[in-house]
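**Student:** Would you mind keeping the following structure in view while I ask a few things?
The values are calculated or read from the model by the stated rules, or taken from the named source; none is laboratory data. Every value quoted in this text rests on a predicted model; they were computed, and no experiment measured them. Here Cβ is always computed from backbone atoms with ideal geometry, including for glycine, and neighbour counts include all displayed protein chains.
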Amino acid sequence: MIIKYGSQTISKKDGELTAKILNNSYLTQGPEVKKFEDNLKKKFAAKYCSVVSSGTAALHLAVMSLSLAKNSKIVTTPMTFVATSNSIIMNNLIPEFVDIETNSYTIDLNKLEQKLKKDKKIKAVIGVDYAGNICDWESLNFLSKKYNIKLINDNCHAIGTRYKGKIGYACKFADIVTQSYHPVKAITTAEGGSILTNNKKIYERVSKLRSHGINRSNELKKKHGPWYYSIEELGYNYRLTDIQSALGNSQLKRLNKFISGRRSLAKIYDSEFKNIKELTIPKSRENCYHSYHLYPLLINFKNLKINKKNFFLKMQKKGIYMQVHYLPIHYHQYYKKKFNFKKGDFPFSEDFYDKEVSLPIYPTLKKKQILYVIECIKKILSL
């Protein structure tokens with residue numbers, strides 16, 4: 001038996017609807033793409049949506065659409081995947097980091113405000129909704145107005161999360177919201193992502209940038225001919241196909257079911273681990289309906305007779321393949337060399353990394369499999 005930390009949930013219906021597109025006139029840039037965008041807008045309460053080829057592409061274009069001056073600074077957390085901070089560098093901007101809170105594992109707003117007071121070059125913040133829990137978006141929104149900065153919600157972990165009962169909370173507080181539909185996310189298009197916003201100018205610019213920067217306006221066609229288009233700035237081929245969009249449309253219909261399944265599995269973990277001294281189960285912000293993209297269990301290895309590496313190896317021998325989310329950004333060689341980061345710069349993120357283990361959690365996992373994972377953890381850790 002092999003149990004992975006995450007996996008896609010594909011149904012027969014998903015396959016049928018996706019295969020059907022192969023017989024249509026459009027394989028890409030067709031009606032299924034617009035249908036997916038419309039469905040995402042409706043689901044997540046956004047005025048505008050552009051689907052793109054990946055969550056990384058979404059972050060890249062989201063930052064680009066802000067049109068910030070070269071060498072402006074954008075703040076995010078070191079406890080995220082490198083795509084979040086890479087998107088800043090890819091736009092010739094400077095990444096800055098603020099450590100995480102110990103309870104939510106999201107950006108510490110007290111430390112953020114201290115940074116905003118001192119550095120006027122900071123023009124935006126990318127808040128990361130970690131594991132399915134959310135940032136304090138109401139307070140982040142307050143800070144954005146107070147210090148005149150832009151907000152991007154890296155929402156890739158929180159697709160299906162609800163705040164105060166609303167699944168469409170994200171665009172209410174942030175200027176731009178990015179999502180990823182990688183196979184381990186709540187829904188999948190194989191690879192894919194989207195940019196959601198209530199700002200028409202951002203939407204129009206992103207829509208051009210995802211397709212080589214091409215402008216195919218009716219005015220240009222009327223003036224020059226029906227074939228005519230203009231490239232007004234350098235863009236990218238970040239388009240999503242109709243095949244992928246068909247899969248996305250099918251998956252989106254079952255999002256609530258997927259999240260319900262994840263939450264049921266999380267409850268089993270919680271009940272088994274909550275009273276064990278050397279373990280810390282994930283916490284959820286008040287009024288947050290946690291979607292459990294991840295189940296980050298914190299293990300105090302220092303007080304146990306096994307280190308993290310050996311724990312992973314022993315679990316793999318049992319057929320259980322976990323993961324760690326994440327190696328802090330400032331630990332990566334590229335960031336250490338380019339920005340002179342060092343160990344000790346962000347102590348809460350570092351301590352979190354030392355302890356964090358992402359346990360298997362996805363809708364098709366069976367209860368007996370979860371109980372097997374729990375049994376192996378307790379046995380290997382001698383709990």
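**Student:** Within the range 210-260, track down each residue that is farther than 30 Å from residue 91 by Cα and among the hydroxyl-bearing types (Ser, Thr, Tyr).
**Tutor:** Hits for the range 210-260 are 250, 260.
**Student:** Condition first: touching a residue at least 40 places away in the same chain (Cβ under 8 Å) and crowded, with 19+ Cβ neighbours inside 10 Å. Now tell me which residues in the range 74-97 satisfy that.
**Tutor:** 74, 75, 76, 77, 78, 79, 80, 81, 84, 85, 95, 97
**Student:** Sticking with this one: Any idea which of 294, 359, 371, 327 is more than 22 Å from the chain's Cα centre (by Cα) and outside the structural domain of residue 8 (by TED's automatic domain parsing)? Spell out the reasoning first.
**Tutor:** Numbers: 294 fails: more than 22 Å from the chain's Cα centre (by Cα); 359 fails: more than 22 Å from the chain's Cα centre (by Cα); 327 fails: more than 22 Å from the chain's Cα centre (by Cα).
The unique qualifying residue is 371.
**Student:** Can you tell which of 281, 243 is farther than 30 Å from residue 101 by Cα and modelled with pLDDT of 95 or more? Show your work before the answer.
**Tutor:** Numbers: 281 fails: farther than 30 Å from residue 101 by Cα.
Among 281, 243, only 243 is farther than 30 Å from residue 101 by Cα and modelled with pLDDT of 95 or more.
Per-residue answers, yes or no, for (1) of a type outside the set (Lys, Arg); (2) in the same structural domain as residue 323 (by TED's automatic domain parsing); (3) assigned to a helix (DSSP H, G or I):
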{"residue": "16", "(1), (2), (3)": "yes, no, yes"}
{"residue": "42", "(1), (2), (3)": "no, no, yes"}
{"residue": "51", "(1), (2), (3)": "yes, no, no"}
{"residue": "74", "(1), (2), (3)": "yes, no, no"}
{"residue": "88", "(1), (2), (3)": "yes, no, yes"}
{"residue": "105", "(1), (2), (3)": "yes, no, no"}
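**Student:** Which of (1) over 25 Å from the mean Cα position of the chain (by Cα); (2) within 17 Å of residue 205 (Cα to Cα); (3) of a type in the set (A, V, I, L, M); (4) not in a loop (DSSP other than H, G, I, E, B) does residue 22 not meet, given it meets every other one?
**Tutor:** Condition (2) is where residue 22 drops out.
**Student:** Okay, moving on. Does residue 259 count as of a type in the set (Val, Ile, Thr), under 20 Å from residue 5 (Cβ atoms) and out of contact with any Phe, Trp or Tyr (no Cβ under 7 Å at 6 or more places or on another chain)?
**Tutor:** Numbers: of a type in the set (Val, Ile, Thr): yes; under 20 Å from residue 5 (Cβ atoms): yes; out of contact with any Phe, Trp or Tyr (no Cβ under 7 Å at 6 or more places or on another chain): yes.
So residue 259 passes the test.
**Student:** Could you tell me which residue of the range 315-351 is surrounded by the most Cβ atoms within 10 Å (Cβ to Cβ), considering only residues that are assigned to a helix (DSSP H, G or I) and touching a Lys or Arg at 6+ places or on another chain (Cβ under 9 Å)?
**Tutor:** Of all residues in the range 315-351, those assigned to a helix (DSSP H, G or I) come to 315-317, 329-331, 333-339, 347-351.
In the following step, the residues that additionally are touching a Lys or Arg at 6+ places or on another chain (Cβ under 9 Å) were identified as 330-331, 336, 350.
On the way: 330: 21, 331: 18, 336: 15, 350: 18.
Only one residue fits best here, namely 330.
**Student:** What are the residues in the range 182-224 that are part of a helix (DSSP H, G or I) and either among the β-branched types (Val, Ile, Thr) or buried (at least 16 other Cβ atoms within 10 Å of the Cβ) (or both), if any? Give the steps one after another, and end with the answer.
**Tutor:** Narrowing the range 182-224 to residues part of a helix (DSSP H, G or I): 200-209, 218-224.
Hits for the range 182-224 are 202, 203, 205, 206, 207, 208, 209.
**Student:** Identify, from the list 124, 57, the residue that is buried (at least 23 other Cβ atoms within 10 Å of the Cβ), modelled with pLDDT of 95 or more and either more than 25 Å from residue 238 (Cβ to Cβ) or not β-branched (Val, Ile, Thr) (or both). Please lay out each step first, then the result.
**Tutor:** On the way: 124 fails: buried (at least 23 other Cβ atoms within 10 Å of the Cβ).
Result: 57 is the single residue among 124, 57 that is buried (at least 23 other Cβ atoms within 10 Å of the Cβ), modelled with pLDDT of 95 or more and either more than 25 Å from residue 238 (Cβ to Cβ) or not β-branched (Val, Ile, Thr) (or both).
**Student:** Can you tell which of 277, 302 is part of a helix (DSSP H, G or I) and either more than 30 Å from residue 137 (Cα to Cα) or in contact (Cβ under 8 Å) with a residue 12 or more places away in the chain (or both)? First the steps, then the outcome.
**Tutor:** Working: 277 fails: part of a helix (DSSP H, G or I).
After ruling out the rest, the residue left standing is 302.
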